[in-house]
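In what follows, a structure is listed as structure tokens, so that the remarks can point back to it.
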Amino acid sequence: MLLKFDKIIDISMPVSADIPVYKGKPEKRPRLYTVSDYNTGHIYESCIDMNLHTGTHMDSPLHMLQGGARMESLRLEDCITSCRVLDLTNVVDKITADDLADKDIRENEFILLKTRNSYEDILEKDFVFIEKSAAALLAEKKIKGVGIDALGIEREQPGHESHKLLFGAGAIILEGLRLKDADEDEYILLAAPVNIPGAEAAPVRALLLK
Ligand SMILES: [Zn+2]
């Protein structure tokens, strides 16, 4: 079978020691090092020590809900799916239900929210996030999943209400996307996470096919 796509858009962050991390926390910065090279041995081998919420990654409900599902329970059908990128680059601070009102969001859609986070150097601090009214709307619409170009879907909301509303509705959460190259449109999303049984998150090389 011949698969043909006009375009493959990489919407993930390269993982290097100096990438932006959530709130700039030093412990979230990845540490990469070589354990063997051709000066010390006969092969080249590297290691990485990284928080699972660093870089582009998927969260499972366990991240915010005690007893919630772990990474091995996520269905691949939900990670490899059609999706829609919504352009919300006009939003200044946080995405509210009003910002999504005219986007005609339908049940079982996977929605990717493109914001000014993809253009400006604000990922470590005042990034645009999903405010709880928008999370409630997405949960009510019974979406399959939501992705955003921030390292967390929310900040400064006591009780992490946006995470809980979305996990409570069975939605998948994809964080750390880079959406500069993706216009508002429909795509195929490839976002299978590394299977780390027991974990609450895992790295993803997220791609859009057009
Ligand atoms: Zn996360």
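Please treat every number below as a calculation from the coordinates, not as lab data. No experiment lies behind these values; they were computed from the predicted model shown. Reconstructed Cβ throughout: ideal geometry from the backbone, glycine too, with neighbour counts over all protein chains shown.
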Say each of D93 and A136 gets a label point 7 Å from the Cα, pointing the same way as Cα to Cβ; how far apart are those two points in nm?
1.8
Listed residues V21, V91, V35; largest mean-square fluctuation, Gaussian network over the chain with Cα springs below 10 Å, found at V35
Residue of P20, P197, P158 that the Gaussian network model of the chain assigns the largest fluctuation, springs spanning Cα pairs under 10 Å:
P158
Where is the GNM fluctuation largest for the chain (alpha-carbon springs, 10 angstrom cutoff): I153, I48, I105?
I48
Set K28/K132; K4/K25; K142/K210; K7/K132 screened for pairs whose C-alpha atoms are more than 31 Å apart:
K4/K25; K7/K132
What Kirkwood hydrodynamic radius, in Å, does segment 1-77 give when the mean of 1/r is taken over all pairs of distinct Cα atoms and then inverted?
16.1
Using alpha carbon centroids, what distance separates segment 151-210 and segment 18-85, in Å?
12
Between rounded, prolate and oblate, where does segment 114-202 land on the alpha carbon gyration tensor, with a ≥ b ≥ c its root eigenvalues, rounded for a/c under 1.5, else prolate if a/b exceeds b/c?
rounded
222 nm [θ] for the chain, helices only, -39500 (n - 2.57) per DSSP H run of 4+, per residue, to 500?
-3000 deg cm²/dmol
So what is the orientation-averaged projected area of the chain, using the convex hull of its C-alpha atoms, in nm²?
13.7
